Amino acid sequence: MASEETFMRAPAPTPKRTIYTEAMEIFNFAADLIGLDKRVRLELEEPDYEHIFYVTAKLKDRLVPLLPEEAKSFADLPVTQVRNPDGLERLANGNLILNGRALLGSDVAIRHGHLRLPDGHVYQLVPGESQRFKAYRVQHNQARGPYKGGLRYHREVSLDLFKALAAEMTWKTAIAEVPFGGGKGGIQLDPREYGREELEAITLRFMYRLKSLIGPNIDIPAPDVGTNPEIMALLYRQFSDGERERHNLRGIVTGKDVRIGGSEGRGKATGQGVAFCIEDYYADRGESVKGKTFVLQGFGNVGSHAAIILGNMGARLLAVNDADGTIFNGDGIDVNALAAYVADPKNLKRSVIGFPGAQRIEKKDLWDVQADILVPAALGGEITADVAERLKVKLIAEGANGPTTPEADRVLQKRGIELIPDIIANAGGVTVSYYEWIQNKRMERWSEAEVDQRLERAMKRNYRIIRDISRNQPRKTEMHDSRPYCIGRTVDSRCAAMILALKRIEAHYLLEGFSQ
Ligand code: GLU
């Protein structure tokens, strides 16, 4: 006979906390609250597919600058006069890529693999070798349509991160009411460390591997951190090259340049969406954005466009930071001048640091700046509980994906700091991606005014539904109908957004049923 212990259940192991489990906390909370169908919950709790694969590419020869101490032993090395400076491509880390026949015809003086350039620095000549990169595509859910979401090129990526970001796309596409599911992927590399032609080779090889997993009606990538319209163009070319119906494949990626099938207004769409939400937040309170002050974390695609648009609405940017530091101007930073400064090709790091119209402050002091609004528009997990305790703002509009940790969320609630959660605040990007995809399918071209108008309506309509869910205020207006989504009690805004997403996704499963 089995002893009694045999039947005692072992204590459940405490699950390891990861980026994904953290991101799913709000999912679990909202799912409990609305009594989400058990099987739907199981479907959504883990991604449909998690692809990991590898991409190889041949790198170019490069010149790596020596540190001053290292360069001492080359004190008498003569200068190499370069005849073809166009062949040298300088990267943000100071390395030089040798494109084409960069040094051909130059008076090359090499000693032990080192040479001195006219800039006075000694460089080590590192021959280009082949390199392998780890790549990912997580396809989280397709109940509402093809998988959709960006491709991130960044050194700190992982399966765990991409699972969280892919799930977030599933919620976001449901909230934006675009007929897509969620996906995300990318490559583990810092794009600033590679030359233009190298990035092209890596990107083409990436698509060569990705091609069997995606398609314009299966899974549609887009830009994310570290990628841009140029990368999208390469992906489109590699996917469609040699295909008989090449032009029917334009919708394989969104976020393309407008000259090759991209949509007007896509570049600024995420920042524009953030601004529409903030505008509606104040309109609801009978106030306006005019005269408000804001602080910005990150000055990439999302941050810079949000800043320009909020600036045009009459708000003042007081401080902004990026990976290299923080700048501040109590009278307001001239956002257009800052955007021009960052875009200047001479600004290799694309950094806000050194901008003449502001003073440099300690990087972490960004969080202490008193302002009406904070727009985090950089990477995830930046607003921790400690940061949340320090903040001197009244509203946070999340331009980034997952910028706030669950602990920080609780602090913000306790402190009464209001929140426009990421899955509505930054949904403008994927919304205009949908417009681009329709235009590609129909071979149409919409004007910027038309895109903006549609985006404004979509953002405000869905944001109002979320506010109504949060306040438990079911109602129907000319613009929106929140009656099917309110749950009979008030909830915080992040939970309200998740409820809207889950109810829309659940409807697909409940109405269509499950295939066997
Ligand atoms: N990467 C963007 C996001 O996180 C855009 C995704 C898309 O347009 O598919 O929402």
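The values are calculated or read from the model by the stated rules, or taken from the named source; none is laboratory data. Keep in mind it's a predicted model, so treat the numbers as computed, not measured. Here the Cβ positions follow ideal geometry from the backbone for every residue, glycine too, while neighbour counts run over all protein chains shown.
For region 316-328, the count of residues that are part of a loop (DSSP other than H, G, I, E, B) and either more than 16 Å from the ligand (Cβ to nearest atom) or crowded, with 24+ Cβ neighbours inside 10 Å (or both) is nonzero. Within region 280-289, is even one residue surrounded by fewer than 21 Cβ atoms within 10 Å (Cβ to Cβ), in contact with a helix residue (DSSP H, G or I) (Cβ under 6 Å, 6 or more places away or on another chain) and farther than 29 Å from Lys363 by Cα? Yes, that holds for at least one residue. Ser212 meets all of the listed conditions (1) within 19 Å of Ile52 (Cβ to Cβ); (2) in contact (Cβ under 8 Å) with a residue 24 or more places away in the chain but one, namely (2).
Filtering region 129-150 down to residues that are of a type in the set (D, E, K, R) and under 17 Å from the mean Cα position of the chain (by Cα), which residue is nearest to the ligand (Cβ to nearest atom)?
Among them, the one singled out is Lys148.
Only one of Gly150, Gly87, Gly94, Gly145 is surrounded by fewer than 17 Cβ atoms within 10 Å (Cβ to Cβ) and not aliphatic (A, V, I, L, M); which? After applying the criteria, what remains is Gly94. Exactly one residue out of Arg83, Arg41, Arg17 is modelled with pLDDT under 95 and under 30 Å from Ala143 (Cα atoms): that is Arg17. On inspection, Ile97 fails the criterion of being among the hydrophobic types (A, V, I, L, M, F, W, C), within 16 Å of the ligand (Cβ to nearest atom) and more than 30 Å from Cys277 (Cβ to Cβ).
Being in a strand (DSSP E or B), closer than 21 Å to Ala378 by Cβ, touching a residue at least 60 places away in the same chain (Cβ under 8 Å) and more than 15 Å from the chain's Cα centre (by Cα) is the requirement here; does Tyr153 meet it? The answer is no for Tyr153. Put simply, of Ile220, Ile214, Ile175 the only residue that is over 19 Å from the mean Cα position of the chain (by Cα) and within 14 Å of the ligand (Cβ to nearest atom) is Ile214. For Arg266, are the conditions met, namely being over 21 Å from Gly300 (Cα atoms) and either at pLDDT below 95 or crowded, with 20+ Cβ neighbours inside 10 Å (or both)? For Arg266, the condition - over 21 Å from Gly300 (Cα atoms) and either at pLDDT below 95 or crowded, with 20+ Cβ neighbours inside 10 Å (or both) - is not met. In region 439-450, is there at least one residue being touching a residue at least 12 places away in the same chain (Cβ under 8 Å), under 29 Å from Thr18 (Cα atoms) and of a type in the set (Phe, Trp, Tyr)? There is no residue in region 439-450 that is touching a residue at least 12 places away in the same chain (Cβ under 8 Å), under 29 Å from Thr18 (Cα atoms) and of a type in the set (Phe, Trp, Tyr).
If I filter region 228-250 for residues that are at pLDDT 95 or above, crowded, with 24+ Cβ neighbours inside 10 Å, in a loop (DSSP other than H, G, I, E, B) and out of contact with any Leu (no Cβ under 6 Å at 6 or more places or on another chain), do I get at least one hit? No, region 228-250 has no match at all. Determine if region 341-351 includes at least one residue that is in a helix (DSSP H, G or I) and free of Cβ contacts under 8 Å to residues at least 12 places away in the same chain. Looking for residues that are in a helix (DSSP H, G or I) and free of Cβ contacts under 8 Å to residues at least 12 places away in the same chain, one finds at least one in region 341-351, hence yes. Exactly one residue among Arg494, Arg475, Arg483 is crowded, with 21+ Cβ neighbours inside 10 Å and modelled with pLDDT of 95 or more, and that residue is Arg494.
Sort out which residues of region 397-443 are of a type in the set (A, V, I, L, M, F, W, C) and either closer than 11 Å to Val274 by Cα or at pLDDT below 95 (or both), and write them in order of number.
Listed by number, the residues that qualify are Ala397, Ala400, Ile420, Ile423, Ile424, Ala425, Ala427.
Of the residues making up region 299-315, those that are within 27 Å of Asn93 (Cβ to Cβ) and in a loop (DSSP other than H, G, I, E, B) are Phe299, Gly300.
Please work out if Thr170 is among the β-branched types (Val, Ile, Thr) and in a helix (DSSP H, G or I). Yes. Listed by first and then second residue, the pairs with beta-carbon distance under 7 Å, at least 6 apart or on different chains, first residue in region 180-198 and within 21 Å of Ala222 (Cβ to Cβ) and away from the ligand (no atom under 16 Å from the Cβ), second of a type in the set (Lys, Arg) and outside any helix (DSSP H, G or I), are Gln188/Lys134; Gln188/Arg155; Leu189/Arg155; Asp190/Arg155. Beta carbons closer than 6 Å, at least 6 apart along the sequence or on distinct chains, pair a first residue in region 124-135 that is in a strand (DSSP E or B) with a second that is charged (D, E, K, R) for Val126/Arg62; Ser130/Lys58. Taken as a whole, the structure leaves Val451 outside the set of residues that are assigned to a helix (DSSP H, G or I), within 13 Å of the ligand (Cβ to nearest atom), under 25 Å from Asn401 (Cα atoms) and aliphatic (A, V, I, L, M). Here Arg41 passes the criteria (1) basic (Lys, Arg); (2) surrounded by 16 or more Cβ atoms within 10 Å (Cβ to Cβ); (3) assigned to a loop (DSSP other than H, G, I, E, B) except the one numbered (3). Among the residues of this structure, Leu296 counts as one that is outside any helix (DSSP H, G or I) and buried (at least 23 other Cβ atoms within 10 Å of the Cβ).
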